[in-house]
Amino acid sequence: MQNTTAKAQGCMNPYLTAFVILLPGFISLVASSATNTCQNHIAGYFAATPYETNSVITAYMIAGGVTLPVFGWVVNIFGKKNVAYFSLIMFALGALMCILVRDLYLLIIARVIQGVGSGCLLPLSQQVLLEVFPPEKKSVAMGLFGFAAMFAPLAGPAIGGYLTDNYSWQWVFIINIPLSIISIPLIKYFVPDSHKKGDSKKKEIHVDIPGLMGIIIGMGCLQMVLDKGEQYNWFDTPWIYWCTMASVVAFVFFYVWELEYKHPIVKIRVFKNVNFLVGTTISAFINILLYSTLLLIPMFVQNILGYSPSLAGLTVLPRAIACLIGLFVFGEVARYVENRLLTVIGFLILSYSVFMFSSLNSEASMASVIIPNIILGIGISCAFVPITALSFLTLKKDMVADAAGMHAFFKNIVTAGSTALSSTFITRVSEVHQNYLVENLSRFNLTFQNHLAVLQSKFSIYFSPYMAAKKANGFLYKEMIYQSKMSAFYDIFQLLSLLCLLIIPLILFIRVPKKPSKTN
């Protein structure tokens, strides 16, 4: 009977399996970014502030991040299918609670439950794809994986905005329930599982409580700091400082404990593999570019160009489409072009596309915003497909599950940090530019005095001389704030462009095993 099952699984179409296993991963990632566009509606529904409703987003990320490092341990004990069933049930249950609750704090708890369910879905899809596709088609497998990993977060805001505008914010959660229910029987029949019945009974299950507590405390405190740091002025607030220290201590303890404990939940030694270490680092930087620009570009077009939220979403949507097409194209190209070379080309495209944003001004058209976004989407797909394949190329098969969890976990931490730092960078660097630009608003500056006199004469048509002078000063001060913020955006785009070039030498450390010569 077992031989028949194994034979059936061996004959299974890998593309059908890919579709079935990627569906849950796709909806879990869409759920992480779809709430960005309905945050204001949630705030209005619960009569809460934007800072309070932001916890609805971060609670999901924290819960999902905590489950990532234990993914390999859980799969090895319970099997892929059982983990998938549990994750989908938790995900759907959390979504159902999000619809029914009438209190913001209960909504946050519901999002934690949904996040716990989402954490294992993406690394699970990555592991299955690496197993069902033959070695010569690993790049194709990673191209399909990139569809969920890259396209879903980009499509999330557009999907969430459409559902919110045409129905209500609850539909952002309602849509998750039927998709989760459909996924369960599909996984049962179309996803292979090496875990046999009775395996969990034969194995002695060791629950690494200290390691689990270390990662929960570390991730929870870190996400709290990143989420609330800007609101409470970072380390000027004592509890932010103590949360940071607790996070550092918890991560150090977790690292040392997992190295020395006989039955760790996370096999950290997987990072001894050079390809996996370097590839994960480079993949994390791709995530930095993806999520940082996903935050910065809508901010730029709304704050600098005056676009509405719906128009801001439309400027990012072409990037998602370009990324989607590129993932399949470069998945095939990677079979014929050396993967390291393809990664270098991808980073050169990324550097150029991000630098293009630093040339935009207040008169920029929508086309001048969309074109760099399209090029950025091409660059992301060009770099993502080969580097993900290279990361897992030299790993043993029994290490794939642990590696997939740690790969996603490491990227989750870096992404969360970069997103928070990007927002802080704009705020702080714009203040630096204000210190320099404010010197121009002086009575000794003839250009300023000339502009002030012109504006004052125009305002005096409708207002008294006193109010005209006040409004003219206010208008120029507002213009100074506008210019300083625009300069901060230029700085971060140029910095990200430079980092793309600096990351390229790391690719040289990746090893590609020589293909054995064919013999008759």
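Some notes on this structure:
- The ranking of Trp257, Trp242, Trp234 by Cβ neighbour count inside 10 Å, starting from the fewest, reads Trp242, Trp234, Trp257.
- Segment 428-520, Cα convex hull volume normalised per residue, Å³: 167 Å³
- Full extension of the chain between Ile371 and Lys397 yields a length gain of 5.2 nm, computed as 0.36 nm times the residue separation minus the alpha carbon distance.
- Ascending count of other beta-carbon atoms within 10 Å, so fewest first, for Lys80, Lys458: Lys458, Lys80
- Under the Debye formula (equal points on every Cα, no solvent term), log10 I(q)/I(0) of the chain at q = 0.05, 0.13 Å⁻¹: -0.22, -1.37
- In the chain, helices alone account for a calculated mean residue ellipticity at 222 nm of -25500 deg cm²/dmol, with every DSSP H run of four or more residues adding -39,500 (n - 2.57).
- Computed over segment 207-280, Kirkwood Rh from alpha-carbon pairs, angstrom: 13.6 Å
- Residues Glu439, Glu431, Glu363, sorted so that the one with the fewest Cβ neighbours within 10 Å comes first: Glu363, Glu439, Glu431
- Computed over segment 267-419, the P(r) tail beyond 22 angstrom holds 46 percent of alpha carbon pairs.
Values in this text are rule-based calculations from the coordinates and carry no lab data. Note that the structure is predicted; figures quoted are calculated from it, not measured. Backbone-built Cβ (ideal geometry, glycine too); neighbour counts: all protein chains shown.
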